[in-house]
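First comes the structure, then the notes that go with it.
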Amino acid sequence: MRVVCLAGGVGGAKLAEGLQQALAPGELTVIVNSGDDLERHSLTICPDQDTVMYTLAGIAGPEGWGLAGDTWQVIGALARLGEGTWFRLGDGDIATHLYRTERLRRGERPTEVAVALGRALGVPSRVLPMADEPVRTRVRTDGGWLDFQDYFVRLQQAPDVREVRFEGAERSQVTPEVAEAFRAAEAIVVAPSNPIVSIGPILAVGGMRQEIAAARRRGVRAVGVSGIVGGKALRGPADRMMASLGEEATALGVARRYASAQLLDTFVIDRLDESLAGGVRALGLQVVVTDTVMTDVAARVRLARDVLAAATAAPA
Ligand code: FO1
């Protein structure tokens, strides 16, 4: 079953790993958010792409991003030189950024570089950036507009977010590779990533919503998973962001967002949120209630199987 999964960072990577294990090699394409990308120390860094790629290669670091067993010599040496090192890059991870930056400088498209990196790391799925054009997520706080990683890492997501924009999205366009993945797709999965700053930028890419809508018109089912359980984001600031943007910080709030974008057929919520199922159904979505907290690999695969079952279920 060919599956296209939209994903951001660590939460998205976990479900993608479950899907990869549940599917045959080559059946999964993950479209990753590139709104978090940044330039540091003259290197092009694509955190969500790398998080998903390393996870699918089985080499992700202990915090979910970066590489397992990495060392920190280069960042330590930069700190001694007085460089700002709040965005920590491991030595092995830097090799990825050198490889990417060099190829981009030679004129390769970001998608081509991502495919080459995935191949070199032995990833049995395709990991595609959402677009080749640069799109940069920026958030407005009471202190003004910030680059995403300034907010996320340097300020540890402390300020309230009042507004979000995806700079460059209006000039971006789905790539031929992304379009081809949707044309071949038999199911679409929206991972339990931050709906505002992980899935939001992907949906803002020119032509993305149309590709999803065209696949759904062909009968392909789209299943989303809530990254908010019991009113708390499993990871990251999605709950606080939704609240400060005036949305309900629950699985129902996430469902509302996706329902108003006419993105999904089915929404998967946690058993803890069973009482919200009626509200989600009232939005016109089917509901699956299951265990969504991916504590280990077995839980990732279990959730992936539940999602795939929902994607193949006959429409109610
Ligand atoms: N997250 C942190 O909290 N601190 C870091 O220093 C940091 C460095 C980093 C380097 C490479 C990379 O691919 C990811 C990195 N992340 C770091 C994670 C990243 O900021 C977030 O996972 C995403 O951008 C949010 O989805």
Segment Met1-Asp150, extension gain: residue separation times 0.36 nm, minus the distance between their alpha carbons: 49.7 nm
Tell me, what is the percent relative contact order of region 67-174, built from C-alpha pairs under 8 Å that lie six or more residues apart? 21 percent
If the elastic network links every pair of Cα atoms under 10 Å, which of Ala120, Ala60, Ala191 fluctuates the most in the Gaussian network model of the chain? Ala120
Once you place label points 7 Å from the Cα toward the Cβ at Arg88 and Ala116, how far apart are they in nm? 3.0 nm
Give the order of Val10, Val32 when sorted by the count of other beta carbons within 10 angstrom, beginning with the fewest. Val10, Val32
With just the Cα atoms defining each centre, how far is region 178-209 from region 1-50? Give it in Å. 11 Å
Potential extension, Ala282-Ala24 segment - 0.36 nm per residue separation minus Cα distance: 89.4 nm
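Between Leu272 and Glu63, what length comes free when the chain is fully extended (0.36 nm per residue of separation minus the Cα-Cα distance, one decimal in nm)? Walk me through the numbers before you get to the answer.
Values: separation 209, 0.36 × 209 = 75.24 nm, distance 2.50 nm.
That works out to 72.7 nm of additional length.
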Taking the chain as a Gaussian network, Cα atoms linked when under 10 Å apart, which of Ala187, Ala169, Ala79 shows the biggest mean-square fluctuation? Ala79
Starting from the Cα of Leu245, move 7 Å in the Cα-to-Cβ direction to define the label point; list residues of region 170-184 whose amide nitrogen is under 19 Å from there. 170-172
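Counting helices only, and only those DSSP H runs with n ≥ 4, report the 222 nm mean residue ellipticity of the chain as the sum of -39,500 (n - 2.57) divided by its residues, in deg cm²/dmol to the nearest 500.
Roughly -11500 deg cm²/dmol at 222 nm, from the helical runs in the chain.
For a footprinting-style exposure proxy, rank Cys46, Cys5 by other Cβ within 10 Å, fewest first. Please report the intermediate quantities before stating the final value.
Values: Cys46 24, Cys5 30.
Least crowded to most crowded, the residues run Cys46, Cys5.
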Per the 1/(1 + (r/R0)^6) rule, R0 = 35 Å and r from the Cβ atoms of Asp291 and Ser42, FRET efficiency to 0.05 is 0.20
Could you give me the percent of Cα pairs per 20 Å distance bin for the chain, shortest bin first, beginning at zero and ending with the bin that holds the maximum distance? 34, 60, 6, 0
Here the residues of region 220-254 lying in the modelled label zone of Ala299, meaning backbone nitrogen under 14 Å from a point 7 Å along Cα-to-Cβ, are 227-230, 233-235
Quick calc: nm separation of the 7 Å Cα→Cβ label points for Asp160 and Asp142 -> 0.7 nm
Among Ile199, Ala215, Gln286, the residue whose Cα sits farthest towards the positive end of the charge dipole of region 175-316 (+1 at Cβ of Lys and Arg, -1 at Cβ of Asp and Glu, taken about the Cα centre) is Ala215
Compare Gly284, Gly84, Gly18 in a GNM of the chain, Cα atoms joined below 10 Å, and give the one with the largest fluctuation. Gly84
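Readers should treat all values here as calculations from the given coordinates under stated rules, not as data from a laboratory. On a predicted model such as this, the values are computed, not experimentally measured, just so you know. Here Cβ is always computed from backbone atoms with ideal geometry, including for glycine, and neighbour counts include all displayed protein chains.
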